[in-house]
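Written out below as structure tokens is the structure these notes cover.
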Amino acid sequence: MAVIGYNSSAVNAAYYLNQNTNALNASLTELASGSRLANASTDAAGVAVSGDMTARIARLGAATQASQDVVSYAQTTDGFLSTIQQQLSRMSELAESATNGAFGSADRANYATEFTTLLTQIDSIANNAQFNGSSLFVAGTVTVAIDSSGTTDSFSTSTVGNSTSLGINGITIGTTTAATTAIGLLDTAITSLTSRRATVNADISKFNFYVQNQQTESTNLQAANSRISDVDVAAESTELAKNNILLQASSSMLAQANSSQNSLLTLLTGH
């Protein structure tokens with residue numbers, strides 16, 4: 001029915017023109033931002049899931065950094081322990097040599113001088129060894145989170161490394177008797193030190209596994225989050241082309257619908 005007061009064709013065309021304009025703008029926004037969640041209202045559930053994943057990824061990054069710091073802390077500790085072990089080995093060698101009764105007191109004094117110097121160096125290392133301002137040879141624990149849920153684990157620190165903890169404080173090799181006693185004490189000290197190194201390196205291995213697990217979980221979460229939040233450029237480009245064509249078509253149809261009313265005016269005016 002031909003009427004002047006209402007142009008249903010123009011109204012329908014205008015409706016689809018608005019729809020196509022909105023769709024085109026949405027495609028442009030997603031492609032420009034690289035995110036299919038640029039307009040959160042298009043996928044409210046996706047926004048929630050992606051937000052949770054993003055937070056977990058961030059926490060895993062912090063946990064990885066903390067675990068790596070513990071590994072560095074423990075490796076630094078083991079480096080100092082390795083140096084002390086070498087000094088203990090040299091001291092036991094000197095003590096063994098000092099048991100030789102064929103040496104005169106002057107020769108034994110030379111051995112004792114080096115022996116005492118090494119003993120002093122051991123205490124100097126143990127008392128001054130630090131990692132980022134924290135003393136390494138103190139009893140305690142270094143606790144860090146190892147996953148995104150806040151589960152923690154610890155690296156235990158120890159005083160093993162100074163002469164007192166090793167049971168060699170004040171020992172000498174000035175006499176054959178003293179040297180013989182020193183050999184037994186040094187053997188016990190070396191056993192104690194190597195046992196501590198075994199514990200430290202076991203913890204290094206443990207925290208390295210934590211780092212691997214954290215990095216694997218973070219990689220998988222990032223991939224999952226990308227599937228939710230990142231725009232599929234190929235698919236969205238196709239959608240953009242379609243929306244662009246529809247926009248042009250609806251614009252043309254609106255113009256055609258509006259021009260159709262002109263024919264009614266012709267009937268009224270006779271022109």
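Across region 116-271, how large is the tail of the calculated P(r) beyond 25 Å, expressed as a percent of all Cα pairs? For region 116-271, the fraction of Cα-Cα distances above 25 Å is 65 percent. When the P(r) is computed for region 35-143, the part past 19 Å accounts for 67% of the Cα-Cα pairs.
Straightening the chain between Gln222 and Ser134 buys 28.2 nm, computed as 0.36 nm per residue apart minus the Cα-Cα spacing. On the beta carbon distance between Gln248 and Asp43, with R0 = 41 Å, the FRET formula returns roughly 0.90. Once C-alpha pairs closer than 8 Å and six or more residues apart are averaged by separation and normalised to the residue number of region 112-251, the relative contact order reads 16 percent. Cα convex hull, region 1-94: 105 Å³ per residue, rounded to a whole number. Measuring nothing but how far apart in sequence close Cα pairs (under 8 Å, 6+ apart) lie, relative to its length, the chain scores a relative contact order of 36 percent. Look at the alpha carbon pairs under 8 Å that are at least 6 residues apart: their mean separation over the length of region 105-160 gives a relative contact order of 24 percent.
Our coupling estimate for region 195-200, obtained by passing each phi through the Karplus curve with A = 6.51, B = -1.76, C = 1.60 and θ = phi - 60°, is 5, 5, 5, 5, 5, 4 Hz, Gly and Pro reported as x. In order along region 65-81, the phi-based Karplus estimate (6.51 cos²θ - 1.76 cosθ + 1.60, θ = phi - 60°) of 3J(HN,Hα) comes to 4, 5, 5, 5, 5, 5, 4, 5, 4, 5, 5, 5, 4, 5, x, 5, 4 Hz; Gly and Pro are listed as x.
Its DSSP H runs of at least 4 residues, each contributing -39,500 (n - 2.57), put the calculated 222 nm mean residue ellipticity of the chain at -27000 deg cm²/dmol, to the nearest 500.
With R₀ set to 45 Å, the beta-carbon distance separating Ala106 from Thr143 gives a calculated FRET efficiency near 0.25. Kirkwood hydrodynamic radius computed over the chain comes to 25.9 Å, based on all pairs of distinct alpha carbons. Axis angle, to the nearest 10 degrees, between helix 233-269 and the longest C-alpha principal axis of the chain: 20 degrees. The trypsin sites (Lys or Arg not before Pro) found in region 33-103 include none that occupy coil by DSSP while having at most 14 further C-beta atoms within 10 Å. Element breakdown for region 1-121 at a 1.4 angstrom probe: carbon and sulfur atoms account for 54% of the accessible area.
Considering all different alpha carbon pairs of region 121-178, the Kirkwood hydrodynamic radius works out to 13.9 Å. For region 179-245, the set of GluC sites (Glu not before Pro) satisfying both a DSSP loop assignment and a count of at most 12 other C-beta atoms within 10 Å is empty.
Measuring between their Cα centroids, region 175-252 and region 23-90 lie 9 Å from each other.
Looking at region 83-132, the pairs of alpha carbons with a distance over 16 Å make up 44% of the total.
The values are calculated or read from the model by the stated rules, or taken from the named source; none is laboratory data. Just so it is clear, the model here is predicted, and its values are computed rather than measured. For neighbour counting, all protein chains shown are included, and Cβ atoms are generated from backbone atoms with ideal geometry for every residue, glycine included. Accessible surface areas use protein heavy atoms only, side chains included; no ligands, DNA or RNA. Shrake-Rupley method; radii C 1.70, N 1.55, O 1.52, S 1.80 Å.
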